[in-house]
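Enquirer: One structure follows; several queries about it will come next.
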Amino acid sequence: SLTKISIPSSIKTIEENTFEGCISLKEIEIPSSVTSLKEGSFIKCTSLKRIVIPESILSIGSKCFEECISLQEITIPSSVTSIKSRCFSKCESLSQITISSSVTIIEEKAFEGCTSLIGITIPSTVKNIASYCFKDCINLSEITIDPYQTSIKCNTFENCPLFETINISDTVTVI
């Protein structure tokens, strides 16, 4: 069974649902030649623990890593400007998320059901956190939103029962 993939440097795009349901896949090496991860590229890769997203990636499609239940950490590179809807939805083991300062929007349900997530810092460049973004993150207890964040949509933190602390700047205009 397929446990590791080394993508050749001739590849520029990983198309929609390319590795969907590769349940034995644990690690992927993406070369710097790849600039786009399309919708659902790695959806339901339930054994995927590690992936390094190179700085060459300009876009990560919606549902790209949805239901990658073994994925533990992710760093959004500075080349990416938005986190698409349901991109990391139901990544139950995801406990460490690093969002670069190039990101300006986090779309609907981006981190829904990330039950291992305890805390997160949203950089000041993010101007919009969409609805249900952190829905069902049942262990989320702290979020820091940097000073220039302006809009947090409805139900962003629905069913986050441990949510205790939110640090919001006085420059936030809509909650």
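Enquirer: Can you quote the Å³ per residue value for the convex hull of the Cα atoms in the range 39-126, rounded to an integer?
Expert: It is 70 Å³ per residue.
Enquirer: Separate question: In terms of the Cα gyration tensor, with a ≥ b ≥ c the square roots of its eigenvalues, is the chain rounded because a/c is under 1.5, prolate because a/b exceeds b/c, or oblate?
Expert: Because a/c hits 1.5 or more and a/b exceeds b/c, the chain counts as prolate.
Enquirer: Taking 0.36 nm per residue of separation and subtracting the Cα-Cα distance, what length does fully extending Lys127 through Glu142 add?
Expert: Result: 3.5 nm gained on full extension.
Enquirer: Which log10 I(q)/I(0) values, to two decimals, does the range 82-148 give at q = 0.11, 0.14, 0.15, 0.18 Å⁻¹ under the Debye formula with one point per Cα?
Expert: Here the Debye-derived log intensity ratios amount to -0.21, -0.34, -0.39, -0.58.
Enquirer: Based on Cβ point charges of +1 for Lys and Arg and -1 for Asp and Glu, what charge dipole magnitude is obtained for the chain about its Cα centre, in debye rounded to the nearest 20?
Expert: Around 340 debye, computed over the chain.
Enquirer: Which net charge results when you count Lys and Arg as +1 and Asp and Glu as -1 among the other residues whose beta-carbon is under 11 Å from that of Ile5?
Expert: Residues near Ile5 contribute 0 overall.
Enquirer: Let me ask something additional. Just tell me which aspartates and glutamates come within less than 12 Å, Cα to Cα, of Lys127; anything on the same chain fewer than 8 places away is out.
Expert: Glu107, Asp146
Enquirer: Further, regarding this structure: Among residues other than Arg50 whose Cβ falls under 11 Å from its Cβ, what is the net charge (Lys/Arg +1, Asp/Glu -1)?
Expert: Spelling it out: positives minus negatives among the neighbours equals 0.
Enquirer: Counting pairs on different chains as well as pairs 8 or more places apart, how many Lys pairs in the range 35-125 have Cα atoms under 15 Å apart?
Expert: Here the count comes out as 10.
Enquirer: Another question, then. To make sure I understand the rule: partners must be aspartates and glutamates, Cα under 13 Å from the Cα of Lys4, and not fewer than 8 residues away in the same chain. Which ones qualify?
Expert: Glu27, Glu29
Enquirer: Test of understanding: what is the full-extension gain from Glu16 to Leu58, defined as 0.36 nm times their sequence separation minus their Cα-Cα distance?
Expert: Stretched fully, the Glu16-Leu58 segment lengthens by 13.6 nm.
Enquirer: Follow-up question, since we're still on this one. By how many nm would the segment from Ile166 to Thr75 lengthen if fully extended, with 0.36 nm per residue of separation less the alpha-carbon distance?
Expert: Using 0.36 nm per residue and subtracting the Cα-Cα distance, I get 30.6 nm.
Enquirer: Then there's this: Sequence gap at least 6, Cα distance under 8 Å: using those rules, report the relative contact order of the range 87-129 to the nearest whole percent.
Expert: Averaging sequence separation for qualifying contacts and normalising by length gives 52 percent for the range 87-129.
Enquirer: At 1.4 Å probe radius, can you tell me the per residue accessible area of the chain in Å²?
Expert: Spelled out: the 1.4 Å probe surface of the chain, per residue, equals 45 Å².
Enquirer: Continuing with the same structure: For the chain, what proportion of DSSP beta bridges, expressed in % and rounded to the nearest 5, is antiparallel?
Expert: 0 percent
Enquirer: Give me P(r) over the range 1-76, computed from all C-alpha to C-alpha distances, binned every 5 Å, as integer percentages.
Expert: Bin by bin from 0 Å, the calculated values are 4, 18, 29, 31, 16, 2, 0.
The values are calculated or read from the model by the stated rules, or taken from the named source; none is laboratory data. Since we're looking at a predicted model, the values are computed, not measured. Cβ sites come from the backbone with ideal geometry, for glycine too, and all protein chains shown count toward neighbours. Heavy atoms of the whole protein, side chains included, go into the accessibility calculation; ligands, DNA and RNA do not. Shrake-Rupley method; radii C 1.70, N 1.55, O 1.52, S 1.80 Å.
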